[in-house]
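Since the structure comes first, as structure tokens, the remarks are kept for the end.
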Amino acid sequence: QLQLVESGGALVQPGGSLRLSCAASGFTLDYYAIGWFRQAPGKEREGVSCISRSGGITYFADSVKDRFTISRDNAKNTVYLQMNSLKPEDTAVYYCAAAASVLGLRKGRGDYWGQGTQVTVSS
């Protein structure tokens, strides 16, 4: 079966760092652009970052620019989201999604979605 699985979420203090992973099984992730999204309770899902199939094109939401980095290791069928200088407003469930291109991801479209991983930023 085709699956995306996020991992790495945790409770972290403000100013701390986390690295989230998005691993694919059942299909080859390097054929897809990958996006990270997040949703906090009572709020709409929002795009955080995305990366093209080759890794040559990346986008970041203004709220995370200069703090988050997205990367991929196609040999490991995995995409990462490095989150630094975390703030309480980063608290959310983080999801990864696969799509044909970053253009679709920037419109909120994904062909495959993971189950999400919880990130909580609190002292």
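The values are calculated or read from the model by the stated rules, or taken from the named source; none is laboratory data. Keep in mind the model is a prediction, meaning the values are calculated, not measured. No Cβ is skipped: glycine too gets one built from the backbone with ideal geometry, and neighbour counts run over all protein chains shown. Remember, those area values only see protein heavy atoms, side chains included, never the ligands or the DNA or RNA. Shrake-Rupley method; radii C 1.70, N 1.55, O 1.52, S 1.80 Å.
Listed values, structure above:
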{"read-out": "Search result, residues across region 87-107 that are open to solvent by less than 30 Å² (accessible area, probe 1.4 Å) and out of contact with any helix residue (DSSP H, G or I) (no Cβ under 9 Å at 6 or more places or on another chain)", "value": "ASP90, ALA92, TYR94, CYS96, VAL102, GLY104, LEU105"}
{"read-out": "Selection within region 35-58 - closer than 15 Å to SER71 by Cβ and in contact with a Gly (Cβ under 9 Å, 6 or more places away or on another chain)", "value": "GLY35, TRP36, VAL48, SER49, CYS50, ILE51"}
{"read-out": "Considering residues of region 95-123 that are assigned to a loop (DSSP other than H, G, I, E, B) and among the polar types (S, T, N, Q) only, the residue nearest to SER54 (Cα to Cα)", "value": "SER101"}
{"read-out": "Region 93-118 residues that are acidic (Asp, Glu), paired with ones that are open to solvent by less than 60 Å² (accessible area, probe 1.4 Å) (beta carbon under 7 Å, 6 or more apart)", "value": "ASP111/ALA98; ASP111/ALA99"}
{"read-out": "Residue within region 53-64 that is open to solvent by less than 60 Å² (accessible area, probe 1.4 Å) and at pLDDT below 95 present", "value": "yes"}
{"read-out": "Selected residue (criterion: nearest to the chain's Cα centre (by Cα)) from residues of region 1-33 that are of a type in the set (D, E, K, R) and open to solvent by 20 Å² or more (accessible area, probe 1.4 Å)", "value": "ARG19"}
{"read-out": "Test: residue in region 69-89 that is charged (D, E, K, R), closer than 20 Å to SER122 by Cα and not in a helix (DSSP H, G or I)", "value": "yes"}
